[in-house]
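Participant: Questions regarding the structure given below will be posed in turn.
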Amino acid sequence: MSEKEDLAKQKAEAAARAKAVALARKQAKAEAAEKPEVDMDIAKQKAAAAAKAKAASLARKQAKEEAAEKPEGEMDIAKQKAAAAAKAKAAALAKKQAKEEEAAEKPEGEMDIAKQKAAAAAKAKAAALAKKQAKEAAEKPEGEMDIAKQKAAAAAKAKAAALARKQAKEEAGEKPEGEMDAAKQKAAAAAKAKAAALARKQAKEEAGEKPEGEIDAVKQKAAAAAKAKAAAAAKAKAAAAAKNRTAAQESEEADTPSEISPNQSKLDQIVSAIESHVGQGALLENYINRLSKDVPTLVANPDTYFSIAKFLRYDEQLDFSYLSELHGTDFESHMEIYVHLHSFKMNQSVALKVKLDRDTPVIPSLVPLWSGANWPECEAYDLLGINFYEHPDLKRILLGEDWKGYPLRKDYEPYDVEV
């Protein structure tokens with residue numbers, strides 16, 4: 001046999017060995033997936049030995065047949081072709097094995113990085129698509145733009161939801177339960193943040209597209225809605241307050257003891273003196289206020305309010321020389337002035353009340369009788385709009401003169417809803 005034939009045989013044997021080794025590796029991996037770890041090593045060794053023997057015998061048989069059938073020139077060409085095919089096949093198999101080994105040998109951290117890169121690429125692709133769609137939408141008229149925006153937003157949401165579900169499934173298959181819960185929470189938080197950012201962006205775009213007239217109309221509608229809401233809240237609050245007052249009055253009537261108050265005789269004395277000097281119809285009502293330390297309480301007619309106050313102040317037997325309190329109250333159905341007086345001579349207090357019309361609450365000032373009524377009457381005028389005529393200097397003392405409305409009225413609505 002010539003030297004060329006020996007060289008050809010050696011090449012063929014080398015190619016057959018490489019092929020046998022690759023086949024053995026492939027079979028070993030397939031068997032490793034099915035067998036336990038202890039049997040895998042033995043199976044690998046047996047498979048490798050059998051593959052080597054089979055490949056060697058096959059190579060020798062093929063070499064003999066080719067040497068017997070072909071002349072020397074044709075044998076060299078055939079051997080070269082076989083060697084080239086074997087090299088190409090071995091290279092492809094090596095690449096495939098390298099990819100599989102890299103995937104099997106990479107730790108979880110590298111795999112996560114690869115997934116993150118893939119996700120980033122997908123996001124970049126989605127962003128580019130969104131930009132393209134936005135440019136196409138910018139060329140359309142306003143009516144079509146809105147429809148296109150809605151369709152694009154719906155498609156983007158559907159695509160994002162599908163991608164999120166796919167990623168969640170993949171992560172769920174690889175992560176344990178504890179990590180899955182944390183991943184779900186992070187994904188939910190990210191989705192919420194993304195949705196909020198998208199909503200803000202859309203709001204800005206819509207605000208930027210609307211002309212000034214429409215923006216003003218929107219602001220006016222929002223202001224009107226805010227005013228209506230505030231009015232409804234005020235009405236509900238007033239209704240609740242009225243209900244509470246009714247319940248309190250009922251409770252007061254129910255809790256009123258049957259025994260006579262120690263101040264009843266003094267109330268009778270005061271009422272008798274007023275009716276004798278001012279008139280029989282001067283008082284609308286009188287009673288003992290059980291909820292305020294049994295204070296004798298007088299309810300005056302608006303026409304006789306000042307006359308009764310003057311009599312209480314200057315009568316020698318009564319001498320209510322000290323005004324300790326004066327304030328107004330809005331009862332929704334009417335306004336009321338409450339005055340608390342004290343007589344050092346009688347060592348007794350008395351309350352004087354008067355009910356006023358809510359639309360035009362006007363009553364004489366008590367400043368000519370008690371100088372201490374000056375500032376309380378200004379406060380009632382400032383916060384409730386009660387007008388005290390013949391007051392020496394009636395003015396707003398808490399709010400400015402240009403303030404709109406009276407804050408202590410139950411139906412008060414702020415002039416500026418944003419304040």
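The values are calculated or read from the model by the stated rules, or taken from the named source; none is laboratory data. Everything quoted here is computed from the prediction, not taken from an experiment. Cβ placement follows ideal geometry from the backbone for every residue including glycine, while neighbour counts extend to all protein chains displayed. For the accessible areas, the whole protein counts, side chains as well, though only heavy atoms, and no ligand, DNA or RNA atoms are used. Shrake-Rupley method; radii C 1.70, N 1.55, O 1.52, S 1.80 Å.
Participant: So Ser307 ticks every box in (1) over 20 Å from Phe344 (Cβ atoms); (2) part of a strand (DSSP E or B); (3) in contact with a Gly (Cβ under 9 Å, 6 or more places away or on another chain) but one. Which box is left unticked?
Facilitator: For Ser307, the failing item is (2).
Participant: Shifting gears a bit: If I filter the stretch 381-401 for residues that are modelled with pLDDT under 90, open to solvent by less than 70 Å² (accessible area, probe 1.4 Å) and of a type outside the set (A, V, I, L, M, F, W, C), do I get at least one hit?
Facilitator: yes
Participant: Could you please give the count of residues in the stretch 270-281 that are surrounded by 15 or more Cβ atoms within 10 Å (Cβ to Cβ) and either assigned to a helix (DSSP H, G or I) or of a type outside the set (A, V, I, L, M) (or both)?
Facilitator: 4
Participant: Which one of these does Arg313 not meet: (1) of a type outside the set (S, T, N, Q); (2) open to solvent by 30 Å² or more (accessible area, probe 1.4 Å); (3) more than 11 Å from Trp370 (Cβ to Cβ)?
Facilitator: Answer for Arg313: the failing condition is (3).
Participant: In addition: So for the stretch 247-262 (the condition being more than 20 Å from Phe331 (Cβ to Cβ), of a type outside the set (D, E, K, R) and either modelled with pLDDT of 95 or more or open to solvent by less than 50 Å² (accessible area, probe 1.4 Å) (or both)), does at least one residue qualify? Working first, answer last.
Facilitator: Let us first name the residues in the stretch 247-262 that are more than 20 Å from Phe331 (Cβ to Cβ), namely 254-262.
Imposing the further condition that a residue be of a type outside the set (D, E, K, R) reduces the set to 254, 256-258, 260-262.
Adding the requirement that they be either modelled with pLDDT of 95 or more or open to solvent by less than 50 Å² (accessible area, probe 1.4 Å) (or both) leaves 261.
Yes; the residues of the stretch 247-262 include at least one that is more than 20 Å from Phe331 (Cβ to Cβ), of a type outside the set (D, E, K, R) and either modelled with pLDDT of 95 or more or open to solvent by less than 50 Å² (accessible area, probe 1.4 Å) (or both).
Participant: Let me ask another. If you scan the stretch 288-300, which residues turn out to be exposed (fewer than 14 other Cβ atoms within 10 Å of the Cβ) and touching a strand residue (DSSP E or B) at 6+ places or on another chain (Cβ under 9 Å)?
Facilitator: Those that are exposed (fewer than 14 other Cβ atoms within 10 Å of the Cβ) and touching a strand residue (DSSP E or B) at 6+ places or on another chain (Cβ under 9 Å): Ser292, Lys293.
Participant: Looking only at the stretch 1-51, count how many residues are over 19 Å from Lys96 (Cα atoms), open to solvent by 80 Å² or more (accessible area, probe 1.4 Å), among the charged types (D, E, K, R) and modelled with pLDDT of 70 or more.
Facilitator: Looking only at that region, the number is 2.
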